[in-house]
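This report refers to the structure that appears directly beneath it.
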Amino acid sequence: MINNIDTDLEHKKSSPSTTSSPPLSSPPQADYDQGIATGSLPVATSINQPSSLDIPKPNAAHYQIKDLVSWSSGLCACFSDFPNCCVTFWCPCITFGQISEIVDRGSSSCGINGALYALLSYCTCCACIFSCFYRSKMRKQYRLRKSPCGDCLVHFFCEYCALCQEYRHLKSLGFDMSIGYHENISRHNIVMEIPPAVEGSMNRG
């Protein structure tokens, strides 16, 4: 009897344990989908994906100011073009008419705009209201800075200096102010349409 008990104990010690933990059961797919829908289960999100609030937005006003061009000369540099300074001082309607025709790109004539300027100057003494409109239009066309202050203030306090500055800037762009817009364009087209000279054609007999 005792011998049988000892043999049973030795047999149990020598035999390996065959017990194992039961397999983990995963939740059914339907319960998992229902947990996501109800919000009881967390949904994995990308950690590296930046939020829309974290993305810096470009400042449009900053780029617009940065891209503006300075005037070719200062407001008080009237004596740099002495002939135009004299003409503007005695007959500002002439300078304004030349400027307005270029700014309007030939849609209005120098004579008509100059006459309107002279009429407003004689009757109301407020021709600067008419001329400051063309300064604003010119600045938008050529992306010029609003310097030294607003267009209306510049023309109200320094009318003749503003006209001279606008005249000099258009002249620095290559316009011949004495011939008008259409003549300037036609002269540029003639130069561009001239074909280059061919050396072989000059040697023919």
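How much net charge surrounds residue 146 when only the other residues with a Cβ under 10 Å from the Cβ of residue 146 are counted, with Lys and Arg +1 and Asp and Glu -1? Result for the local shell: +2.
Round to a whole number: what % of the accessible area of the range 82-191 belongs to carbon and sulfur, probe 1.4 Å? The C+S portion of the solvent-accessible surface of the range 82-191 is 68 percent.
Spread over its residues, the convex hull of the C-alpha atoms of the range 71-198 is 112 Å³ per residue.
Solvent-accessible area of residue 124, all protein chains in place: 70 Å² (probe radius 1.4 Å, heavy atoms, ligands and nucleic acids excluded). Electrostatic bookkeeping for residue 83 treats Lys and Arg as +1 and Asp and Glu as -1; over the other residues with beta carbon under 12 Å from its beta carbon, the sum is +1. Accessible area per residue for the range 82-191 is 54 Å², calculated with a 1.4 Å probe on protein heavy atoms, without ligands, DNA or RNA.
The values are calculated or read from the model by the stated rules, or taken from the named source; none is laboratory data. On a predicted model such as this, the values are computed, not experimentally measured, just so you know. Cβ: placed from backbone, ideal geometry, glycine included. Neighbour counts: every protein chain shown. Accessible surface is based on the protein model in full, side chains and every heavy atom, while ligands, DNA and RNA are left aside. Shrake-Rupley method; radii C 1.70, N 1.55, O 1.52, S 1.80 Å.
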